[in-house]
Amino acid sequence: MAAQTVLNYLPRKSVVHELTGTTKLAFFLLFTFAGMITYDTWVLLGLMLVSFAAFKMSNIKIKEVSFILIFMVVFLLLNNFFIFLFNPDQGTEIYGTRHVLFHLFWRYDVTAEQLFYMLNISMKYFVALPVAILFIAATNPSEFAASLHSIGVSYKIGYSVSIALRYIPDIQRDFHNISQAQQARGVELGKKEKLISRLKNSVNILLPLILSSLQRIDIIANAMSLRCFGKDPKKRTWYTKRPFGRNDYVALGIGVALLVASIVITFWDGNRYYNPFV
């Protein structure tokens, strides 16, 4: 059984995949900024629906990115836990009221304001993550490098990012193959083994993985050097770069409109926070 890939390009026939890399990069930046600047619950809800709709249009299945989703949920829960741990009255300070739902211990009261504040924090994750996954999973690495170069990033940096993205599935495949080979030799890595033993046995995977990675890096570096990569400091053409189409302009227009709407709705009363407690 093939190992599940993480943050890998997933080719599909969809409107999202047909957009140019520059369009997807620009929309990602506009959309992310629109979600970052606001704590208005209604704005976040609207952005979240747009984010889910874009993910649906991409024809990428949830199970294909389940690892990232699970990691995000775990990180989100930890983030909310530490927010409450270090400042359980953050919501009270923001919204100016205090409605205690129940008392835990010491200074820790669970208030409606704190829960509402953490709800907005959680919504920000669900706004940004689907679009971030789409940007990586629906963009060919070479086209991604071309999009970075088109907005002024050095083509050396763009090409380095492209190689890194291409290298992720290779590392995953090597890790899976080495893991299977070690288990065939009797190195237990399954759930039946104790956690400490599994961590120790993982060293038998990491060492050959690092060595194989270094070997691949050396091969790629020599190949690029033989092709005189980086000799021209300014010019480079891109095989995968595509001209803008109608859908690209529509997507950019939607991104700009969402950003403007987020700014206007958020700051029209001079407050970033929607307050249902007044």
Using 0.36 nm per residue of separation minus the Cα-Cα distance, give me the extension gain between Leu49 and Lys194 in nm, one decimal. 48.0 nm
Relative to the longest principal Cα axis of the chain, at what angle does helix 141-150 sit, 0 to 90 degrees, rounded to 10? 70 degrees
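Given R₀ = 45 Å, what would the calculated FRET efficiency be for Val250 paired with Ala223, taking r from the Cβ atoms and rounding to 0.05? Could you put the intermediate results ahead of the total?
Details: r = 39 Å, r/R0 = 0.88.
That gives a FRET efficiency of 0.70.
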Greater than 20 Å apart at Cα, pairs in Lys63/Lys124; Lys13/Lys56; Lys24/Lys231; Lys13/Lys63: Lys63/Lys124; Lys24/Lys231
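Please give me, ordered by residue number, the trypsin sites (Lys or Arg not before Pro) of region 73-125 that lie in loop per DSSP and have at most 12 other Cβ atoms within 10 Å. The partial results should precede the final answer.
On the way: sites: Arg98, Arg107, Lys124; in loops: Arg98, Arg107.
Those satisfying the criteria are Arg107.
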What three numbers, in Å, describe the spread of the alpha carbons of region 1-130 along their principal axes, ordered from the longest? 54, 36, 18
Per residue solvent-accessible surface (Å²) - region 8-57, probe of 1.4 Å: 46 Å²
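Assuming R0 = 22 Å, can you tell me the calculated FRET efficiency for the pair Asn275 and Asp89, based on Cβ-Cβ distance, to the nearest 0.05?
Details: r = 16 Å, r/R0 = 0.71.
FRET efficiency, Asn275 to Asp89: 0.90.
Over the chain, what relative contact order in percent results from Cα pairs under 8 Å that are six or more residues apart?
On the way: 277 pairs, mean separation 98.7, N = 278.
Relative contact order of the chain: 35 percent.
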Return the FRET efficiency for the residue pair Ile171, Leu104: r is the Cβ-Cβ distance, R0 is 30 Å, and the value is rounded to the nearest 0.05. 0.10
Separation of region 87-110 and region 132-188 by C-alpha centroid, Å? 44 Å
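Accessible area of the chain with a 1.4 Å probe: how many percent of it is carbon plus sulfur? Write out the running numbers ahead of the final one.
On the way: 11450 of 16860 Å².
Taking all protein chains in place, the chain shows 68 percent carbon and sulfur surface.
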Phi to ³J(HN,Hα) by Karplus 6.51 cos²θ - 1.76 cosθ + 1.60 over region 25-38, Hz, x for Gly, Pro: 5, 5, 5, 4, 5, 5, 5, 5, 5, 4, x, 6, 7, 10
Averaging over every viewing direction, what projected area does the convex hull of the Cα atoms of region 128-174 cover, in nm²? 3.7 nm²
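The values are calculated or read from the model by the stated rules, or taken from the named source; none is laboratory data. Keep in mind the model is a prediction, meaning the values are calculated, not measured. Cβ sites come from the backbone with ideal geometry, for glycine too, and all protein chains shown count toward neighbours. Ligands, DNA and RNA are stripped out before the accessible areas are found, and what is left, the full protein with its side chains, is counted by its heavy atoms. Shrake-Rupley method; radii C 1.70, N 1.55, O 1.52, S 1.80 Å.
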